[in-house]
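Below is one structure, written out as structure tokens; comments come after it.
The values are calculated or read from the model by the stated rules, or taken from the named source; none is laboratory data. This one's a predicted model, so the numbers in the text were calculated from it and none came from an experiment. No Cβ is skipped: glycine too gets one built from the backbone with ideal geometry, and neighbour counts run over all protein chains shown.
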Amino acid sequence: MTNMTIEDIEEYKRNAIEILRKNSQYATAKATEEAFDTFIWFEKTMEKFNSIPCASFEPVPVEDWERLGYTHEEAVEMSKLSSCIT
């Protein structure tokens, strides 16, 4: 799935869940949905993270993280973590 877009992964998820539900595999469908949601969240986070230029060892400002869509609390944590990246 590494060459798939997020939209492709979401479509694959919908198809997989539909097939599982048609076969009365509801618990498996729920677990599959949660796994795909986690994977999609990770991919979106990595896209945001990879869009940040790393020009120095200074932490990325909280405001920059918030502009990327993170909540204030998440932005504070990401700012702290960004100072550790070399």
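Taking the criterion of being at pLDDT below 90 and hydroxyl-bearing (Ser, Thr, Tyr), the residues of the range 35-54 that qualify are THR45, SER51. Taking helices (runs of 4 or more DSSP H) as the structural unit, those lying wholly within the range 2-67 and holding at least 1 residues that are surrounded by fewer than 10 Cβ atoms within 10 Å (Cβ to Cβ) correspond to 6-22, 26-50. Taking first residues from the range 67-83 that are within 15 Å of LYS44 (Cβ to Cβ) and not assigned by TED's automatic domain parsing to the domain that holds THR45 and partners that are buried (at least 17 other Cβ atoms within 10 Å of the Cβ) and among the hydroxyl-bearing types (Ser, Thr, Tyr), the Cβ contacts under 7 Å between residues at least 6 apart in sequence or on separate chains come to MET78/TYR70.
Just one of the numbered conditions (1) touching a helix residue (DSSP H, G or I) at 6+ places or on another chain (Cβ under 8 Å); (2) within 28 Å of SER82 (Cβ to Cβ); (3) of a type outside the set (S, T, N, Q) is not true of ALA29: (2).
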